[in-house]
Amino acid sequence: MRNIWIIAKREYDHYFISPIAYVVAFVILLTLGIIFAINLFYYMQNSFGGFSAAPDVSPIFGAFLFLLVLSTPALTMRLIADEARMGTLELLLTAPVRDFELVAGKWLGAMFYVLTLLVVTLIYPIILNQFVSPGIDQRVVMTSYLGVILVAASFLALGTGISAMFTNQIASFFTTLALFVFLWWLVGFPANVITGSGAELFRYLDMQSHYYDTFSRGILELKDILYYLSLIALGLFSGTVAVEMRRWR
Amino acid sequence: MIQVEGLTKDYGTRRALHSISFDANQGEIVGFLGPNGAGKTTTMRILTGYMPPTEGTAIVAGYDVLEESLEVRKRVGYLPETVPLYNDMTALDYLKFMADLRRLPNPKERAYETLEMVNLSDRANSYIGTFSKGMRQRVGLAQALLHRPEVLILDEPTIGLDPTQVVEIRSLIREIGKDRTVLFSTHILSEAQQICDRVLIINKGQIVAEDTPENLQSRVLGAERVILRVRGDADGLADTVKKVKGTRNVTAKSDESIEFEFSAGQDVRPQVAKAVVQAGYELLEMRTLGLSLEEIFLELTQNNTSNKGHGGKS
């Protein structure tokens with residue numbers, strides 16, 4: 001377990017010297033800030049009439065998730081692919097480190113980076129709380145944060161797994177992006193068209209519905225938590241297998 | 001320390017190693033010689049636990065590389081051919097990271113001490129990305145030495161270095177090899193001759209010879225070749241030498257020098273010297289031309305397929 005922590009720490013530090021991390025942070029935080037400001041402004045304009053709905057945090061989380069689908073591949077593409085290209089994977093694979101610890105450490109490092117961004121976004125619910133009386137729904141804020149963390153962890157785990165399969169970062173990026181677009185936007189569509197158990201399956205696979213049906217409404221359901229946990233496990237497992245396969249060829 | 005038995009490695013349908021076997025003991029520096037693609041790196045990668053063998057066993061520092069890979073990796077220091085460095089880290093941070101992964105006590109002090117060993121302590125806080133090739137090689141070596149391993153495996157440690165650096169690294173390897181097992185690969189034969197206690201010559205995935213550099217030389221040689229130089233004209237000198245019993249293949253080399261051979265163990269140099277002086281020549285020089293490892297190497301690797309007569313354990 002300590003190895004996971006050591007690798008995660010190095011990976012986290014590495015984000016703060018790489019331009020990609022700053023670009024991602026800049027784009028995400030700027031977009032969220034603009035969306036937040038527009039929402040707040042709109043609310044202030046209308047609130048004097050006394051008929052406007054109270055502003056909530058859901059647009060912020062929605063935007064964050066949308067940006068996460070597009071930016072996570074950039075955050076995970078180099079995690080293992082670049083180690084393979086630079087030859088440093090040979091160093092890690094001949095150090096007393098288990099393959100799983102390497103993959104999990106890489107994932108955790110990326111997770112810490114996204115959590116850092118999430119901490120910055122705490123400012124929005126805090127500001128919003130000042131404007132609304134008697135305060136915003138704390139429960140929705142908390143379940144939404146939990147949901148976003150689980151979605152981010154799933155994306156990062158799948159991205160890490162894919163990065164382990166490639167030596168080329170660009171190939172890793174586009175494969176990851178394609179998978180996310182599929183799981184986030186496309187896989188839910190057939191559920192609206194067909195009926196029966198097939199529709200159920202597609203609905204179950206849809207990553208969005210597990211967040212928007214429960215977490216974003218302040219509901220916690222075990223099945224949704226399990227869904228994301230199993231995606232995390234799948235990502236880390238396939239990453240470990242991919243690293244092991246590198247040894248055999 | 002290292003015991004290899006029938007090690008075989010297939011890449012797909014291509015067989016890179018054909019059942020090789022060898023040992024290396026503590027305090028021994030073993031040179032692994034062979035042309036590119038002979039199987040040196042493959043063997044080293046198996047011994048360091050990077051990849052599993054297709055067949056055969058390898059015991060390193062008392063543990064099986066396949067069954068107890070983590071134990072082997074704890075006890076082996078490895079410098080791969082492409083030095084694995086993070087350009088975005090300082091030399092000290094890099095070694096500290098590796099020391100952490102290896103669970104060494106006082107990682108920072110250990111990292112610094114190891115940098116001192118490779119003469120880089122003055123650049124401890126510089127980024128590895130700014131380092132010259134020789135410095136990078138030394139950081140890589142420091143990484144391999146960090147945990148003071150029982151077995152050190154170095155894949156072409158002197159490649160791409162300038163002559164001064166080569167000398168430095170070689171003396172460092174000799175120093176380290178006093179109480180550890182060192183296996184290092186090279187295709188520079190004189191290097192093996194200088195550093196190694198024993199040389200393994202590998203070609204096309206097979207060990208074609210295994211011996212001390214000196215024994216290899218005399219085994220391949222069979223005869224010693226001598227160059228003889230006199231002042232002034234060497235006309236008729238060849239005939240004079242030919243008359244001495246035991247000389248062979250006498251050939252004129254230039255106006256003032258000739259070469260001849262004699263069978264190993266039948267040194268005829270005193271008789272030749274006497275005959276030459278008696279014939280009125282002024283003898284300036286007479287020395288044996290040792291067969292270099294280069295020649296031994298070519299002899300062994302080229303005759304490998306048709307004639308295994310020179311081979312030790314092949």
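The values are calculated or read from the model by the stated rules, or taken from the named source; none is laboratory data. In this text, all values refer to a predicted model and were calculated from it rather than measured experimentally. Note: ideal-geometry Cβ built from the backbone for every residue, glycine included; neighbour counts use all protein chains shown.
Among the criteria (1) more than 10 Å from every other protein chain (Cβ to nearest Cβ); (2) on the phi < 0 side of the Ramachandran plot; (3) buried (at least 19 other Cβ atoms within 10 Å of the Cβ), the one residue B:51 does not fulfil is (1). Evaluating residue B:28 against the criteria (1) within 9 Å of chain A (Cβ to nearest Cβ); (2) surrounded by 15 or more Cβ atoms within 10 Å (Cβ to Cβ) leaves one unmet condition, (1). Evaluate the range A:242-249: report whether one residue or more is closer than 30 Å to residue B:12 by Cα, without any contact (Cβ under 8 Å) to a residue 12 or more places away in the chain and of a type outside the set (Phe, Trp, Tyr). Looking for residues that are closer than 30 Å to residue B:12 by Cα, without any contact (Cβ under 8 Å) to a residue 12 or more places away in the chain and of a type outside the set (Phe, Trp, Tyr), one finds at least one in the range A:242-249, hence yes. Of A:183, A:150, A:156, A:146, all but one fail to be outside any loop (DSSP other than H, G, I, E, B), over 21 Å from residue A:237 (Cβ atoms) and within 17 Å of the chain's Cα centre (by Cα); the exception is A:146. Taken over the range A:144-165, the criterion of being out of contact with any Gly (no Cβ under 6 Å at 6 or more places or on another chain) and farther than 17 Å from residue A:64 by Cβ is satisfied by A:162, A:163, A:165.
Yes or no, residue by residue, for (1) closer than 30 Å to residue A:229 by Cβ; (2) among the small types (Gly, Ala, Ser); (3) within 13 Å of chain B (Cβ to nearest Cβ):
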| position | (1), (2), (3) |
| --- | --- |
| A:101 | yes, no, yes |
| A:108 | yes, no, no |
| A:121 | yes, no, no |
| A:130 | no, no, no |
| A:134 | no, no, no |
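Being under 28 Å from residue A:16 (Cα atoms), more than 7 Å from chain A (Cβ to nearest Cβ) and assigned to a helix (DSSP H, G or I) is the filter here, so list the residues in the range B:67-97 that pass it. Across the range B:67-97, the qualifying residues are B:91, B:92, B:93, B:94, B:95, B:96. Checked against (1) more than 14 Å from chain A (Cβ to nearest Cβ); (2) touching a residue at least 24 places away in the same chain (Cβ under 8 Å); (3) under 26 Å from the mean Cα position of the chain (by Cα), residue B:136 meets all criteria but (1).
The single condition among (1) within 14 Å of another protein chain (Cβ to nearest Cβ); (2) surrounded by fewer than 19 Cβ atoms within 10 Å (Cβ to Cβ); (3) in a helix (DSSP H, G or I) that residue A:167 does not satisfy is (3). The set of residues in the range A:78-91 being surrounded by 23 or more Cβ atoms within 10 Å (Cβ to Cβ) and within 18 Å of residue A:13 (Cβ to Cβ) consists of A:79, A:80, A:83, A:91.
Scanning the range B:260-290 for residues that are at pLDDT below 85 and either surrounded by fewer than 18 Cβ atoms within 10 Å (Cβ to Cβ) or farther than 11 Å from residue B:226 by Cβ (or both) turns up B:263, B:264, B:265, B:266, B:267, B:287, B:288, B:289, B:290.
In summary, residue B:160 fulfils each of the numbered conditions (1) small (Gly, Ala, Ser); (2) at pLDDT 85 or above; (3) surrounded by fewer than 21 Cβ atoms within 10 Å (Cβ to Cβ); (4) under 18 Å from the mean Cα position of the chain (by Cα) with the single exception of condition (2).
Checking each residue in the range A:229-249 for being under 11 Å from residue A:158 (Cβ atoms) and either among the hydroxyl-bearing types (Ser, Thr, Tyr) or within 14 Å of another protein chain (Cβ to nearest Cβ) (or both) picks out only A:238. Restricting the range B:110-133 to residues that are in contact with a Ser or Thr (Cβ under 8 Å, 6 or more places away or on another chain) and of a type in the set (Phe, Trp, Tyr) leaves a set whose member that is farthest from the other protein chains (Cβ to nearest Cβ) is B:112. Quick one: would you say residue B:197 is touching a strand residue (DSSP E or B) at 6+ places or on another chain (Cβ under 9 Å) and among the acidic types (Asp, Glu)? Yes, satisfied.
When you scan the range A:53-61, do you find a residue that is in a helix (DSSP H, G or I), surrounded by fewer than 17 Cβ atoms within 10 Å (Cβ to Cβ) and of a type in the set (Gly, Ala, Ser), even just one? Among the residues of the range A:53-61, at least one is in a helix (DSSP H, G or I), surrounded by fewer than 17 Cβ atoms within 10 Å (Cβ to Cβ) and of a type in the set (Gly, Ala, Ser), which makes the answer yes.
Return the residues of the range B:1-20 that are surrounded by fewer than 23 Cβ atoms within 10 Å (Cβ to Cβ) and within 13 Å of residue B:208 (Cβ to Cβ); say none if nothing qualifies. B:18, the sole residue that qualifies.
Mind listing just one residue for me: the one in the range A:186-212 that is part of a loop (DSSP other than H, G, I, E, B) and small (Gly, Ala, Ser) and, of those, nearest to residue A:75 (Cα to Cα)? Talk me through it step by step, then tell me what you get.
First, pick out the residues of the range A:186-212 that are part of a loop (DSSP other than H, G, I, E, B): A:187-188, A:194-196, A:206.
Now drop any that are not small (Gly, Ala, Ser), which leaves A:188, A:196.
Values: A:188: 25, A:196: 38 Å.
Only one residue tops the list, namely A:188.
I'm checking my understanding of the structure. Among residues of the range B:98-109 that are at the interface with chain A (Cβ under 8 Å from one of its Cβ atoms) and outside any helix (DSSP H, G or I), which one is farthest from the chain's Cα centre (by Cα)? Give the steps one after another, and end with the answer.
Taking the range B:98-109 as the starting set, the residues that turn out to be at the interface with chain A (Cβ under 8 Å from one of its Cβ atoms) are B:98, B:100-103.
Those still in the list that are outside any helix (DSSP H, G or I) too: B:102-103.
Details: B:102: 29, B:103: 32 Å.
Per the stated criteria, the residue is B:103.
Determine if the range A:173-189 includes at least one residue that is surrounded by fewer than 16 Cβ atoms within 10 Å (Cβ to Cβ) and modelled with pLDDT under 90. Checked the range A:173-189: at least one residue is surrounded by fewer than 16 Cβ atoms within 10 Å (Cβ to Cβ) and modelled with pLDDT under 90. Restricting attention to the range A:1-36, the residues being crowded, with 19+ Cβ neighbours inside 10 Å, within 15 Å of residue A:68 (Cα to Cα) and within 14 Å of chain B (Cβ to nearest Cβ) number 1. If I filter the range B:261-268 for residues that are hydroxyl-bearing (Ser, Thr, Tyr) and assigned to a strand (DSSP E or B), do I get at least one hit? Yes, there is a match, as at least one residue in the range B:261-268 is hydroxyl-bearing (Ser, Thr, Tyr) and assigned to a strand (DSSP E or B). Filtering the range B:170-212 to residues that are without any contact (Cβ under 8 Å) to a residue 40 or more places away in the chain and either surrounded by 22 or more Cβ atoms within 10 Å (Cβ to Cβ) or more than 21 Å from residue B:141 (Cβ to Cβ) (or both) leaves only B:212.
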